[in-house]
Amino acid sequence: TNTVLATLAVAYPWVPNSTVQAIATDIPNDRIYLGGPFTQLGPNTGGGVPVDTSSSGTIPSLTSFPHVGGTVLVSVSDGSGGWYVGGTFSTVGGVTRNNIAHIKNDRTLDTAWNPNANNTVYTLVVSGNTVYAGGDFTSIGGGTRNRIAALDSTTGNATSWDPNSNSTVRTLVVSDSTVYVGGNFTTIGGQTRNRIAALYSTSGTATSWDPNSSSTVNALVVSGSTIYAGGLFTTIGTQARNRIAALDISSGAATSWNPDSNGSVNALAVSGSTIYAGGLFTIIGGQNRNRIAALDNTLGNATSWNPNASNTVNTIALNLATTAIYIGGAFGSLNGQTRNRIVALKASDGSLVTSWN
């Protein structure tokens, strides 16, 4: 046990979650005693870790995963058991990696892939041999790329695709030959596009699709002929829509679907006929729903699914194999049960997967 702890201490120095006010050493017994108002003590894992979905939420093989020196804001599968990660970090596994990296399926850093973004990466999407990236950067993949870029999945070099956004890109989704983009921009792809746009995957120019959002778009998801958008807007697709809307994939017009959120929508996910939304709201779909809700995709009404998060929800991921819904954010409890910042919910009734904590 001491050998394991010593190994972890070298790669992942242990840290408490609050102040240490007293230290005493017991050298003969190889112990250090700490005292203070902390409630937890554990290894400094860094900004990204794999978490086991099938047990109690433990972190498997910690020493085999490269320590991320900073914050991971997005991770996406590379399709081969590894991950592309983006955020605001400067090292991965002790190697310089600025804000974007590739971790291979053996949980080692891909030393050949280094796009070297000069500022935050908020969103990543893998499509074939291309990794699309969006954020606040102005240089990535060895070239000037303003806040959006297409990267070769093998070399990490930027392709010729260059939509040139004039402000932050926060969300990307690819459907067929079109890349849908949301954020804070007002020009992208060579056209005026307020905070939401569709770009040709070949040229990077904006299509005629123009929902014209009145404020930030944080999340986009495609389902059939509909694009669901979430953010801070109050008008989009030529209609009054408070922070969440469904847009026609051909015309960009808002459909009649109108859940009418009273607070920011930060995350969206689709499963069958249900749209999951997370954010800062307390009312959505005509019901009191604290920061997380399930919405009917026909009427926009909130279903009976009601996990009742105590604080902001920032991200939602679906595990269709187990019908679990994972959410992350700033909350400390759901349905009155303590769950700090990450939780697994049952898709059937919104209750907690109680063993996963």
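Structure notes:
- Per residue solvent-accessible surface (Å²) - the chain, probe of 1.4 Å: 45
- Taking the square roots of 5 times each eigenvalue of the Cα gyration tensor of segment 105-149, largest first, gives ellipsoid semi-axes of 19, 13, 10 Å.
- Gyration tensor (alpha-carbon) shape descriptor, segment 286-357, a/c threshold 1.5: oblate
- Estimated from helices alone, the mean residue ellipticity of the chain at 222 nm is -1000 deg cm²/dmol (sum of -39500 (n - 2.57) over DSSP H runs with n ≥ 4, per residue).
- The 3J(HN,Hα) values that the Karplus relation (6.51, -1.76, 1.60; θ = phi - 60°) gives for segment 144-154 are, in residue order, 6, 9, 7, 6, 8, 7, 10, 10, 5, 6, 9 Hz. Gly and Pro appear as x.
- Over segment 188-264, relative contact order from alpha-carbon pairs under 8 Å, at least 6 apart, %: 22
- Cα-based Rg and Dmax for segment 38-129, where Dmax is the largest Cα-Cα distance (Å): 13.3, 47
- Shape of segment 164-257, Cα gyration tensor, a/c cut at 1.5: oblate
- Across segment 26-32, coupling constants 3J(HN,Hα) worked out from phi with the 6.51/-1.76/1.60 Karplus curve, θ = phi - 60°, read 10, 4, x, 9, 6, 10, 10 Hz, and Gly and Pro carry x.
- Using only the C-alpha atoms, the convex hull of segment 222-357 corresponds to 86 Å³ per residue.
- Converting phi to 3J(HN,Hα) with the Karplus coefficients 6.51, -1.76 and 1.60 and the offset θ = phi - 60°, segment 294-302 yields 10, 10, 5, 7, 9, 9, x, 6, 6 Hz in sequence order, with x at every glycine or proline.
- Stokes-Einstein diffusion coefficient of the chain, Kirkwood radius over Cα pairs, 4 °C, 1.567 mPa s, in µm²/s: 60
The values are calculated or read from the model by the stated rules, or taken from the named source; none is laboratory data. This structure is a prediction, so every number in the text was calculated from the model and none was measured. Side chains included, ligands, DNA and RNA excluded: accessible areas come from the protein's heavy atoms. Shrake-Rupley method; radii C 1.70, N 1.55, O 1.52, S 1.80 Å.
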